[in-house]
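Working notes for the structure below.
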Amino acid sequence: MKKSLLLVAAMGLLSTSVLAKEIKFATEATYAPFEYLDDKNEFQGFDIDLARAICTQAKLECSFHNQAFDSLIPSLKFRRYDAAIAAMDVTPERADQVDFSDIYYENSAVFVAKKGTFKGPEDLVDKTVGVQNGSSHQSYLVDNWISKGLLTVPYKEYVVIGTPVTDAKYFGTGFGIAVAKGNLELLTQLNKGLAEIKANGTYQKIFDKYFAH
């Protein structure tokens, strides 16, 4: 009887361990309000809160690791991390390399500049535009605007100008959580958790925290 009790206890610990599996998320924490580091050097933002809520719902532990944006997909392919959440557009090119969760945020792109400087992208011809390496925005600019004289440089302060750019060829159908190709078990857990937090109102609370005005 004692051995049976010990076996049951051991099985219980093993079950708890499986449920508490750690999911290592890679992100690029310079894109507020989606992901950023606060004054305590802790991860914050819409994507971070969303991932934490999904992990809680799915009974998973999660951790976050800061990486350059253009290294996120390679990091998944080489299995350095389990998933990437970084306001990443789901595009056909990326979907050839990694698998994506269901869409969790419908996206469009915008040009940004100091308030009152420009009215729209046509005014930016022969001007400098900041763009992140490896992003959909970079691909869009290279294919559509670089030939017209745009140059790219880093930027800091900005506000939105012009109308949103919604070209699905570059910006896909929205943001998704990326996982390594073929990791269907994790993908199923993430999608299930995402669906459940949408159903129970948690997603809306997180969305309102960052985007309701």
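All of the numbers you see were taken from the coordinates with simple rules; none came from a lab. Keep in mind it's a predicted model, so treat the numbers as computed, not measured. Backbone-built Cβ (ideal geometry, glycine too); neighbour counts: all protein chains shown.
Ranked by the mean number of other Cβ atoms within 10 Å of their residues, highest first, the peptides 74-81, 44-51 fall in the order 44-51, 74-81. For the pairs LYS119/LYS198; LYS114/LYS205; LYS115/LYS209, flag any whose C-alpha to C-alpha distance is greater than 27 Å. Beyond 27 Å: LYS119/LYS198; LYS114/LYS205.
A straight Cα-to-Cα reach below 18 Å connects LYS40 with the aspartates and glutamates GLU28, ASP49, residues fewer than 8 places away in its own chain not being considered. Residues whose amide H comes within less than 5 Å of that of CYS62, counting only those at least five positions distant or on another chain, are ILE23 (H built at 1.01 Å from N in the peptide plane).
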